[in-house]
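Participant: After the structure tokens below, expect a handful of questions from me.
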Amino acid sequence: MPVCKASSLAPLFDELAHNQHRQLFLLCGEHDWAIEQAQRLFTPSTSDCLALSKHPKLACACWPEHLHQILGQEFKLALYDGYAGIEPNKLAALSGTVKAGGLLILILPELSDLSHWQDPSLAMWCSYGFSAQQSPFLQRWQALLATLDTSILSQRDGLSLSLKGYASQKHIDFSEQRNTLAQLKRQLESKKSQPILLSADRGRGKSAVLGMLAAAMHEQTFVICALQYRAVKNSFKHLAEQLDITYQGNEKQVANLRFMPPDQLLTTPLSDQILLIDEAAAIPVPVLIALVKKAKRCVFSSTIIGYEGNGRGYTLRFKRYLSQHYPNFLSLQMRQPIRYQLHDPLEAHINQLFALDCQYPTPQALGELTYSRLTVKELALNEPLLHQAFSLLVLAHYQTTVNDLRQLLDSPSQAIFVIRNSQQLLGLSLVNLEGQIGHELHNDIAQGKRRPKGHLLPQQLFASQGDSQFLNTKIARIVRIAIAPNVHNQGLGTQLLNYVEQQLAQSVDYFGSSFGATQKLLNFWQKSGYKVVRLGYKQDKASGEYAAMVIKSTSKNDSHLDRLCQHFRMNFTYQLSNLYQQLPWQLVKCILVSMPNQHIPKHIEVQLDYMVNKNTMLEQDSATVWQILLACPTLLNGLSDSSQQLGIRLLLQNNTKELLKAELPSSTNKVFAAAFKALVHEIHEQLQLLH
């Protein structure tokens, strides 16, 4: 067994310190041996080392549950024990704590054993009832690590150092950060209503710049917004340093900078405050659009390649909106790291291991399309194909994390379908196979004692009425449909969905999906025959949307689905005047018009005939119109937009006239009365056509 002394590592540490770089150091062998070597060579018990491990001999180690327990710290050494399980989010976040001149030490079995090694985290990616015998994610790592130029100490093969030679430049260049700060200050002091987009990879100092900006304009009031307060701590820290004041680490306001989450910000009036949005990629684009409309001066800052989410999809969609509505918006990008030098080996290796730098090639033309089901083996062993698939997912969703890469490769309950031309993938659909939960769990699920992992739709559908049919049957949940951005609106999503249904129709009883409800998304699913069966009772904190659930049966006559739809109709129409009172009226219409018409009592129709020939009064006649619209929601399709809005917002959602006057083009009582009369006449006309 080769022996390695601490002094053997001196050339590596000297070079890293001189070049202001960091490196990945692989420690490969049996678990106890690797822990013994780590203690002997690196002394992880020192305060300048953070060790993530569950090994009993590493008393100084921890295994944090949340990423915020890792981020925001700096260490010369960071140790990750792969025998505790490879959790990509944890490992990537840990790499961000390593400072210039330091190492990220990764303990693994011998690289030749990775292809058949089952790490403890493999079970994390398995739904209840599924198991995995191997990890395509680790098989990919085996091939990739063999090509990386990194230092390694192997129990079998000994020590091999990766030495690059001494670079000429020793000092970190802060000029880009200073220039960015000056550009931001100049633009904001001009008081032009032009948004600013600030983009950077992790470690470029953009959060610091936001705090320094508030300090440089200390007479101006700033509001800083992020999903989590911890994301803006660095901004407060640099503000306090610049102004030479105390910051304890938990204050929501320091000097002229105040923190506010997006949901609170949307309902808070802003006057002349400058709005700073940090980690904007984690916030859905519709919310960002609402914020840019709300503030005259705003800076949207986000990480393009990060450990908690990837911002490329956000950048693409939000830039498209800004280009259309604010063509003179300012876009800035920070490329120079401030905690280590450019071309940092550790940053490059982490990006490769987790495909953080994957780029989607823009299609030149559609050409001839083919459809297929991809195996995870194909993805794991074909790096260009994996990069295309993962970059499509990154572009399609506002927050794709590095954990999602392992989920993509190692989840045995997941199926992957793609649409492509001769050059590349054009779209991808992720499907999770759910259901067939044993009877012995049904009672515990009903009582909330058990929630079998990875079976979202069966349990939610069962919870509605207690119908065990949905626990017993097989359900294909469409987790994601991702289409290349520049070929949207050409029917590819629908074609891919049709292909998925054709491939799985004989093996499942239902298809379904769950997503943040918008009119556009609901229309997409309804056009393919899916029925809305559930709308969540809580709004998503980031998007403000309610989660919708849609289902489609593979059987023509499904009494279970019919009862589910009836139950949803009862709940939804009741909650329209309560919980869903502020739901966008276009979305309400989209949900209602998919419901079948019901019989309208004769006396109601007689009352409507009478109302048409007299001066209608809102207080006296609204109940009749309300009852007709609930019984025959498809009538809404034939009404003018203004009548649809009035009927839904005023009658079905039971909002006040005063509230609606602020929404409608004209707000006088006379115009309002005329609009209500027009609504009555249009409903009467549409009802005649129905008969």
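The values are calculated or read from the model by the stated rules, or taken from the named source; none is laboratory data. Just so you know, these numbers come straight off a predicted model, no measurement behind them. When we count neighbours, we look across all protein chains shown, and the Cβ atoms used for this are built from the backbone with ideal geometry, even at glycine.
Participant: Which of the helices (runs of 4 or more DSSP H) contained wholly in the range 409-522 include at least 3 residues that are farther than 23 Å from Arg563 by Cα?
Facilitator: On the way: elements: 442-446, 456-465, 469-472, 492-504.
Qualifying helices (runs of 4 or more DSSP H): 492-504.
Participant: Taking the condition within 26 Å of Leu332 (Cβ to Cβ) and touching a Ser or Thr at 6+ places or on another chain (Cβ under 6 Å), does Leu104 pass? If you could, list the steps in order and put the result at the bottom.
Facilitator: Details: within 26 Å of Leu332 (Cβ to Cβ): no; touching a Ser or Thr at 6+ places or on another chain (Cβ under 6 Å): yes.
So Leu104 does not fit the description; no.
Participant: Something else about it: Any idea which of (1) over 15 Å from Trp585 (Cα atoms); (2) in a helix (DSSP H, G or I) is the one Asn615 doesn't satisfy?
Facilitator: In the conditions (1) over 15 Å from Trp585 (Cα atoms); (2) in a helix (DSSP H, G or I), Asn615 misses (2) alone.
Participant: Of Ser190, Ser199, Ser135, Ser168, which residue is in the same structural domain as Phe329 (by TED's automatic domain parsing) and either closer than 20 Å to Thr375 by Cα or free of Cβ contacts under 8 Å to residues at least 12 places away in the same chain (or both)? Even if it seems obvious, please write down each step before you answer.
Facilitator: Values: Ser199 fails: either closer than 20 Å to Thr375 by Cα or free of Cβ contacts under 8 Å to residues at least 12 places away in the same chain (or both); Ser135 fails: in the same structural domain as Phe329 (by TED's automatic domain parsing); Ser168 fails: in the same structural domain as Phe329 (by TED's automatic domain parsing).
Just a single option satisfies the conditions, and that option is Ser190.
Participant: Does Ala84 satisfy being among the hydrophobic types (A, V, I, L, M, F, W, C), surrounded by 18 or more Cβ atoms within 10 Å (Cβ to Cβ), in the same structural domain as Ala10 (by TED's automatic domain parsing) and out of contact with any helix residue (DSSP H, G or I) (no Cβ under 8 Å at 6 or more places or on another chain)? Even if it seems obvious, please write down each step before you answer.
Facilitator: Numbers: among the hydrophobic types (A, V, I, L, M, F, W, C): yes; surrounded by 18 or more Cβ atoms within 10 Å (Cβ to Cβ): yes; in the same structural domain as Ala10 (by TED's automatic domain parsing): yes; out of contact with any helix residue (DSSP H, G or I) (no Cβ under 8 Å at 6 or more places or on another chain): no.
For Ala84, the condition - among the hydrophobic types (A, V, I, L, M, F, W, C), surrounded by 18 or more Cβ atoms within 10 Å (Cβ to Cβ), in the same structural domain as Ala10 (by TED's automatic domain parsing) and out of contact with any helix residue (DSSP H, G or I) (no Cβ under 8 Å at 6 or more places or on another chain) - is not met.
Participant: Give the residues of the range 550-574 that are free of Cβ contacts under 8 Å to residues at least 12 places away in the same chain and buried (at least 17 other Cβ atoms within 10 Å of the Cβ), sorted by residue number.
Facilitator: Asp558
Participant: Being in contact with a Lys or Arg (Cβ under 8 Å, 6 or more places away or on another chain) and either among the polar types (S, T, N, Q) or surrounded by fewer than 14 Cβ atoms within 10 Å (Cβ to Cβ) (or both) is the filter here; which residues of the range 575-600 pass it? Explain how you work it out, then say what you get.
Facilitator: Quick first cut of the range 575-600, residues in contact with a Lys or Arg (Cβ under 8 Å, 6 or more places away or on another chain) only: 585, 594-595.
Residue satisfying the conditions is Ser594 alone.
Participant: Now for a different question. Among the residues of the range 478-515, write down those that are surrounded by fewer than 16 Cβ atoms within 10 Å (Cβ to Cβ) and either among the β-branched types (Val, Ile, Thr) or under 17 Å from the mean Cα position of the chain (by Cα) (or both).
Facilitator: If the condition is that a residue be surrounded by fewer than 16 Cβ atoms within 10 Å (Cβ to Cβ) and either among the β-branched types (Val, Ile, Thr) or under 17 Å from the mean Cα position of the chain (by Cα) (or both), then Thr494 is the only one that fits.
Participant: Any residue in the range 413-421 that is surrounded by fewer than 17 Cβ atoms within 10 Å (Cβ to Cβ) and closer than 30 Å to Lys319 by Cα?
Facilitator: Filtering the range 413-421 for residues surrounded by fewer than 17 Cβ atoms within 10 Å (Cβ to Cβ) gives 421.
Still in the list and also closer than 30 Å to Lys319 by Cα: 421.
Yes: one or more hits.
Participant: Against the definition (without any contact (Cβ under 8 Å) to a residue 24 or more places away in the chain and surrounded by 16 or more Cβ atoms within 10 Å (Cβ to Cβ)), how does Trp117 come out, yes or no?
Facilitator: Details: without any contact (Cβ under 8 Å) to a residue 24 or more places away in the chain: yes; surrounded by 16 or more Cβ atoms within 10 Å (Cβ to Cβ): yes.
The answer is yes for Trp117.
Participant: Same structure, new question: Looking at the structure I just gave you, is Asn615 touching a residue at least 60 places away in the same chain (Cβ under 8 Å) and under 22 Å from Leu689 (Cα atoms)?
Facilitator: Values: touching a residue at least 60 places away in the same chain (Cβ under 8 Å): yes; under 22 Å from Leu689 (Cα atoms): no.
Answer is no for this residue.
Participant: Could I ask something else about it? So which residues in the range 416-450 are among the small types (Gly, Ala, Ser) and touching a strand residue (DSSP E or B) at 6+ places or on another chain (Cβ under 7 Å)? Break it down stepwise before answering.
Facilitator: As a first pass, look at the range 416-450 and keep what is among the small types (Gly, Ala, Ser): 422, 427, 429, 435, 438, 446, 448.
Within the range 416-450, Gly427, Ser429, Gly435 meet the criteria.
Participant: Hey, another quick one. Checking the conditions here, which among Lys614, Lys657 is outside the structural domain of Leu579 (by TED's automatic domain parsing), modelled with pLDDT under 90 and touching a helix residue (DSSP H, G or I) at 6+ places or on another chain (Cβ under 8 Å)? Spell out how you get there, then give the answer.
Facilitator: Numbers: Lys614 fails: touching a helix residue (DSSP H, G or I) at 6+ places or on another chain (Cβ under 8 Å).
Unique residue meeting the criteria: Lys657.
Condition check ((1) out of contact with any Lys or Arg (no Cβ under 7 Å at 6 or more places or on another chain); (2) crowded, with 16+ Cβ neighbours inside 10 Å; (3) without any contact (Cβ under 8 Å) to a residue 12 or more places away in the chain; (4) not β-branched (Val, Ile, Thr)) across all residues:
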{"site": "Asn328", "(1), (2), (3), (4)": "yes, no, no, yes"}
{"site": "Arg339", "(1), (2), (3), (4)": "no, yes, no, yes"}
{"site": "Glu347", "(1), (2), (3), (4)": "yes, yes, no, yes"}
{"site": "Gln352", "(1), (2), (3), (4)": "yes, yes, no, yes"}
{"site": "Arg373", "(1), (2), (3), (4)": "yes, no, no, yes"}
{"site": "Ala396", "(1), (2), (3), (4)": "no, yes, no, yes"}
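Participant: Can we say His603 is exposed (fewer than 12 other Cβ atoms within 10 Å of the Cβ) and assigned to a loop (DSSP other than H, G, I, E, B)? So that I can check it myself, show each step before the final result.
Facilitator: Details: exposed (fewer than 12 other Cβ atoms within 10 Å of the Cβ): yes; assigned to a loop (DSSP other than H, G, I, E, B): no.
No: the conditions fail for His603.
Participant: Would you please name the residue that is modelled with the lowest pLDDT, looking only at residues in the range 94-116 that are farther than 21 Å from Glu36 by Cβ and of a type in the set (Val, Ile, Thr)?
Facilitator: Thr97
Participant: Going through the range 14-43 one residue at a time, which ones are over 35 Å from the mean Cα position of the chain (by Cα) and part of a loop (DSSP other than H, G, I, E, B)? Break it down into steps so the answer makes sense when it comes.
Facilitator: Filtering the range 14-43 for residues over 35 Å from the mean Cα position of the chain (by Cα) gives 14-19, 29-43.
Gly29, Glu30, Thr43 - these are the residues of the range 14-43 that are over 35 Å from the mean Cα position of the chain (by Cα) and part of a loop (DSSP other than H, G, I, E, B).
Participant: What are the residues in the range 144-192 that are surrounded by 15 or more Cβ atoms within 10 Å (Cβ to Cβ), farther than 30 Å from Ala38 by Cβ and either more than 33 Å from the chain's Cα centre (by Cα) or of a type in the set (Val, Ile, Thr) (or both), if any?
Facilitator: Across the range 144-192, the qualifying residue is only Thr180.
Participant: For residues in the range 525-541 being surrounded by fewer than 18 Cβ atoms within 10 Å (Cβ to Cβ) and not hydroxyl-bearing (Ser, Thr, Tyr), which is nearest to Cys225 (Cα to Cα)? Even if it seems obvious, please write down each step before you answer.
Facilitator: Quick first cut of the range 525-541, residues surrounded by fewer than 18 Cβ atoms within 10 Å (Cβ to Cβ) only: 526-529, 536-541.
So of that shortlist, the ones also not hydroxyl-bearing (Ser, Thr, Tyr) come out as 526-527, 529, 536, 538-541.
Details: Gln526: 35, Lys527: 37, Gly529: 40, Gly536: 26, Lys538: 21, Gln539: 18, Asp540: 16, Lys541: 13 Å.
Across the range 525-541, the extreme among qualifying residues is Lys541.
Participant: Residues in the range 301-308: is at least one of a type outside the set (D, E, K, R) and modelled with pLDDT of 85 or more? Working first, answer last.
Facilitator: Within the range 301-308, the subset of a type outside the set (D, E, K, R) is 301-307.
Restricting the remaining residues to those that are modelled with pLDDT of 85 or more gives 301.
Yes, there is a match, as at least one residue in the range 301-308 is of a type outside the set (D, E, K, R) and modelled with pLDDT of 85 or more.
Participant: Now a separate question. Test of understanding: among Leu239, Leu288, Leu213, which residue is surrounded by 22 or more Cβ atoms within 10 Å (Cβ to Cβ), assigned to a helix (DSSP H, G or I) and touching a strand residue (DSSP E or B) at 6+ places or on another chain (Cβ under 6 Å)?
Facilitator: Details: Leu288 fails: touching a strand residue (DSSP E or B) at 6+ places or on another chain (Cβ under 6 Å); Leu213 fails: touching a strand residue (DSSP E or B) at 6+ places or on another chain (Cβ under 6 Å).
Sole residue among the options that is surrounded by 22 or more Cβ atoms within 10 Å (Cβ to Cβ), assigned to a helix (DSSP H, G or I) and touching a strand residue (DSSP E or B) at 6+ places or on another chain (Cβ under 6 Å): Leu239.
Participant: Still on this structure, I have one more. Can you find even one residue in the range 622-636 that is more than 43 Å from the chain's Cα centre (by Cα) and not assigned by TED's automatic domain parsing to the domain that holds Val550?
Facilitator: In the first step, residues of the range 622-636 are kept if they are more than 43 Å from the chain's Cα centre (by Cα); the result is 624.
Still in the running and not assigned by TED's automatic domain parsing to the domain that holds Val550: 624.
Scanning the range 622-636 turns up at least one residue that is more than 43 Å from the chain's Cα centre (by Cα) and not assigned by TED's automatic domain parsing to the domain that holds Val550.
Participant: Still on this structure, please answer the following. From the residues in the range 354-368 that are surrounded by 15 or more Cβ atoms within 10 Å (Cβ to Cβ) and over 30 Å from Gly102 (Cα atoms), which one is farthest from the chain's Cα centre (by Cα)? Write out each step before concluding.
Facilitator: Quick first cut of the range 354-368, residues surrounded by 15 or more Cβ atoms within 10 Å (Cβ to Cβ) only: 354-358, 360, 363.
Filter again for over 30 Å from Gly102 (Cα atoms), leaving 360, 363.
Working: Tyr360: 18, Pro363: 24 Å.
The selected residue is Pro363.
Participant: I would also like to ask the following. Return yes or no: is Tyr83 out of contact with any Phe, Trp or Tyr (no Cβ under 7 Å at 6 or more places or on another chain) and closer than 20 Å to Phe42 by Cβ? Don't jump to the end; show me each part of the working.
Facilitator: On the way: out of contact with any Phe, Trp or Tyr (no Cβ under 7 Å at 6 or more places or on another chain): yes; closer than 20 Å to Phe42 by Cβ: yes.
Spelling it out, Tyr83 is indeed out of contact with any Phe, Trp or Tyr (no Cβ under 7 Å at 6 or more places or on another chain) and closer than 20 Å to Phe42 by Cβ.
Participant: Tell me which residues, restricted to the range 314-361, are more than 30 Å from Phe25 (Cα to Cα), among the polar types (S, T, N, Q) and part of a loop (DSSP other than H, G, I, E, B).
Facilitator: Within the range 314-361, Asn328 is the sole residue that qualifies.
Participant: Restricted to the range 475-530, and to residues that are under 29 Å from Gln423 (Cβ atoms) and in contact with a Pro (Cβ under 8 Å, 6 or more places away or on another chain), which residue is modelled with the lowest pLDDT?
Facilitator: Residue satisfying both the conditions and the ranking: Asn486.
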